[in-house]
């Protein structure tokens, strides 16, 4: 086992894609074993390549696998996290956690978007690239290290750092969730870009959030926290879209 791990590290550091593999290592918490799993996870079908056996290689099979694992892990997590809630609540929360807009925003928050290999020009393809990549990464982790490591990645490295469960639970009454719900119904791609600024040398940060809908700026908001800025940006977008924000 030790020899195999050492061989994996030597292979990683001698690879021309060392920067990408070190990014994966920092993200998942271990040195990747079979590097091709991770290469494939970040290859959209529009950038498919052919391997030495003549097989077409992209992330679609890994995305299929990761989607199933993500759904199972989230279902188990919610079942144990909310022991007093009924099936309807659990189903609704699971839907919120795995919807396409949430996965897309996670992909940006985690920095995965920087490494995606894609030549997509179709708007439908573009709207699915990011969430599909995250699911494919989960599939790659499962194949490389097994279910327990994939589960740990989701439960310990994604949910606590990037997802506000309380906000999701209360999401029926907040602007960000209303905007995401609208995007699901209309099949539009919505994401948030949030910056931290220190105006005039202030020690207190100000957050500026911009809503991007299908690669176009649709709203802007500021606040003393990232959450407040995103809520205000979502409210601005909803207002411009003519959707009630009472």
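The values are calculated or read from the model by the stated rules, or taken from the named source; none is laboratory data. None of these values were measured; they are calculated from a predicted model. Using ideal geometry, Cβ is built from the backbone for each residue, glycine included, and neighbour counts are taken over all protein chains shown.
Take the conditions under 14 Å from residue 96 (Cβ atoms), under 17 Å from the mean Cα position of the chain (by Cα) and either outside the structural domain of residue 76 (by TED's automatic domain parsing) or not in a helix (DSSP H, G or I) (or both) and apply them to residue 159. Does it pass?
Spelling it out, it is not the case that residue 159 is under 14 Å from residue 96 (Cβ atoms), under 17 Å from the mean Cα position of the chain (by Cα) and either outside the structural domain of residue 76 (by TED's automatic domain parsing) or not in a helix (DSSP H, G or I) (or both).
Being modelled with pLDDT under 95, within 21 Å of residue 117 (Cβ to Cβ) and surrounded by 13 or more Cβ atoms within 10 Å (Cβ to Cβ) is the requirement here; does residue 98 meet it? The answer is no for residue 98.
Can you give me the number of residues within region 219-231 that are crowded, with 19+ Cβ neighbours inside 10 Å, in contact (Cβ under 8 Å) with a residue 24 or more places away in the chain and either in contact with a strand residue (DSSP E or B) (Cβ under 6 Å, 6 or more places away or on another chain) or not assigned by TED's automatic domain parsing to the domain that holds residue 184 (or both)?
The first filter runs over region 219-231 and keeps only residues crowded, with 19+ Cβ neighbours inside 10 Å, leaving 219, 221, 229-231.
From the residues that got through so far, the ones that are in contact (Cβ under 8 Å) with a residue 24 or more places away in the chain too are 229-231.
Next, from what is left, pick out any that are either in contact with a strand residue (DSSP E or B) (Cβ under 6 Å, 6 or more places away or on another chain) or not assigned by TED's automatic domain parsing to the domain that holds residue 184 (or both): 229-230.
Residues that pass the stated criteria total 2.
When residue 164 is tested against the conditions (1) outside the structural domain of residue 28 (by TED's automatic domain parsing); (2) exposed (fewer than 15 other Cβ atoms within 10 Å of the Cβ); (3) farther than 24 Å from residue 63 by Cα; (4) in contact (Cβ under 8 Å) with a residue 24 or more places away in the chain, the lone failure is (1). For the criterion of being part of a helix (DSSP H, G or I) and out of contact with any strand residue (DSSP E or B) (no Cβ under 8 Å at 6 or more places or on another chain), residue 179 fails. Residues of region 191-246 that are under 20 Å from residue 170 (Cα atoms) and part of a loop (DSSP other than H, G, I, E, B): 225, 243, 244, 245, 246. Which residue out of 106, 90 is at pLDDT 85 or above, over 19 Å from residue 23 (Cβ atoms) and assigned to a helix (DSSP H, G or I)? 90 is the lone residue from the list that is at pLDDT 85 or above, over 19 Å from residue 23 (Cβ atoms) and assigned to a helix (DSSP H, G or I).
Quick grid of which residues meet (1) surrounded by fewer than 17 Cβ atoms within 10 Å (Cβ to Cβ); (2) free of Cβ contacts under 8 Å to residues at least 12 places away in the same chain:
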site: 87; (1), (2): yes, yes
site: 91; (1), (2): yes, yes
site: 118; (1), (2): no, no
site: 138; (1), (2): no, no
site: 147; (1), (2): yes, no
site: 154; (1), (2): no, no
site: 175; (1), (2): no, no
site: 186; (1), (2): yes, yes
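Output the residue which, of all residues in region 10-49 that are farther than 22 Å from residue 146 by Cβ and modelled with pLDDT under 90, is surrounded by the fewest Cβ atoms within 10 Å (Cβ to Cβ). Per the stated criteria, the residue is 16.
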